[in-house]
Amino acid sequence: MDQFLFFLVAFLAVASAVYFVFARNPLYAILSLIVTMFSIAGMYILLNAQFLAIIQIIVYAGAIMVLFLYILMMLNLNKEDESKKNNTLKFVGVFTAGLLLTGVLGVFRGVKDKHVVLDNVDRGVGLTKNLGRLLFNEYVLPFELASILILAGIVGAVLIGKKDL
């Protein structure tokens with residue numbers, strides 16, 4: 001059942017990524033990219049990496065996609081701009097996709113005889129509880145120093161952005 005769900009979510013990710021590449025409307029392309037990011041988060045959940053799934057949703061599907069939508073609305077792209085693109089960029093895209101397909105097929109050809117035994121796998125490796133325990137016990141000093149550095153960057157950005165202080 002897990003393997004079926006993984007292949008279903010992987011197919012959804014690949015299909016929405018392909019639609020992102022070939023979509024004519026930029027808004028539909030960005031929405032398909034959001035579906036791709038959520039399906040990648042679903043694959044992380046199926047691989048027992050819940051923390052990575054949450055970060056994937058918050059950072060990519062949340063913040064970066066909102067930024068993309070904001071830029072799209074600011075640019076105000078029209079349909080007549082799409083016809084002005086030359087065929088050289090399309091050729092480079094098809095050539096690059098062909099190289100990527102060749103690499104993926106080469107990897108699959110080399111892996112088809114290998115079998116992975118999952119008898120001694122620790123199922124608690126990707127859990128958020130274990131990550132939090134490790135982060136707040138063994139690595140508490142680097143974690144706190146990173147938070148102070150991020151806070152200093154935020155304060156600096158606010159001070160630079162403020163005209164009159």
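Of note:
- Of the helices (runs of 4 or more DSSP H) contained entirely in region 36-122, those carrying at least 3 residues that are touching a Phe, Trp or Tyr at 6+ places or on another chain (Cβ under 8 Å) and either over 25 Å from residue 8 (Cβ atoms) or at pLDDT 75 or above (or both) fall at 50-55.
The rows are residues; the columns are (1) without any contact (Cβ under 8 Å) to a residue 12 or more places away in the chain; (2) open to solvent by 100 Å² or more (accessible area, probe 1.4 Å).
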position: 1; (1), (2): yes, yes
position: 8; (1), (2): yes, no
position: 12; (1), (2): no, no
position: 16; (1), (2): no, no
position: 22; (1), (2): yes, yes
position: 30; (1), (2): no, no
position: 34; (1), (2): no, no
position: 40; (1), (2): no, no
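The values are calculated or read from the model by the stated rules, or taken from the named source; none is laboratory data. If you're wondering where the values come from, they're calculated on a predicted model, not measured in any experiment. Methodologically, a virtual Cβ is constructed for each residue, glycine included, from the backbone with ideal geometry; neighbour enumeration extends over all protein chains shown. The protein model used for the area step is the full one, side chains on, heavy atoms only, and it has no ligands, DNA or RNA in it. Shrake-Rupley method; radii C 1.70, N 1.55, O 1.52, S 1.80 Å.
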